[in-house]
Every structure is written in C-alpha cells, then in structure tokens.
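Notes follow once the structure below has been shown.
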Amino acid sequence: MEILIKPIITEKMTLQGEKLNRYGFIVDKRANKIQIRKAIHDMYGVTVESVNTIMSGGKAKSRNTRTGSVTGRTNLVKKAIVTLAKDEKIDFYSNI
C-alpha cells in the first residue's frame, strides 16, 4: 500500500509550513496515523510530532450536456496534516 499519494501545496498550507511547521499530504484512505508518521519519517528523514487526519467527503457535481444533465460525485480523499519537530523542515521543491 502506497501511504503518501502527494503533498498538498496550496497558499494556506505553505503559510502553515512557514509559521507553524505543518505540512499537508493526501494519503491512502486505509492508512492510520502510525503508518503515516512512519512513511513521512522514511521518505523525508524528519521527526514527526503529531499527525491529524481529515476525511474529505466527495461532493455532488452536475453538468449540462447536449443529451441532458449528468450527475455524479467526486472521490473521497483522506488528508493528513503533519506537525514536525522544532528545527525540522520539508523542502518539496528540492528534487524538481
């Protein structure tokens, strides 16, 4: 099971990373906090203080087409907000 899917790089998460030392990730729906902590430690080599998780439910969407309206739902996403130790940092742009 691939635990970490991708980092969340938004303006809000960038500000939290600078001020509060928090970083966001989209993770597998079946992953628990212990697995997320271990995956971040293995991938980035940082000390994780705490992990908070959020299950973001899918939204109902509809669009109009020539043949009529089409309705559906977006996928459920699990997010993890990770707080690192005092002097730790994660640089997402280092390997681009």
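Quick note: the coordinates plus some simple rules give every number you see, no bench work behind them. Only a predicted model underlies this, so the values are computations on that prediction, with no experimental measurement involved. Glycine also receives a Cβ, built like all others from the backbone with ideal geometry; neighbour counts cover every protein chain displayed.
Numerical summary
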| read-out | value |
| --- | --- |
| Residue count, the range 32-63 (criterion: aliphatic (A, V, I, L, M), under 25 Å from Tyr93 (Cα atoms) and either part of a loop (DSSP other than H, G, I, E, B) or out of contact with any His (no Cβ under 8 Å at 6 or more places or on another chain) (or both)) | 7 |
| Residues that are free of Cβ contacts under 8 Å to residues at least 12 places away in the same chain, exposed (fewer than 11 other Cβ atoms within 10 Å of the Cβ) and hydrophobic (A, V, I, L, M, F, W, C), drawn from the range 1-59 | Ile34 |
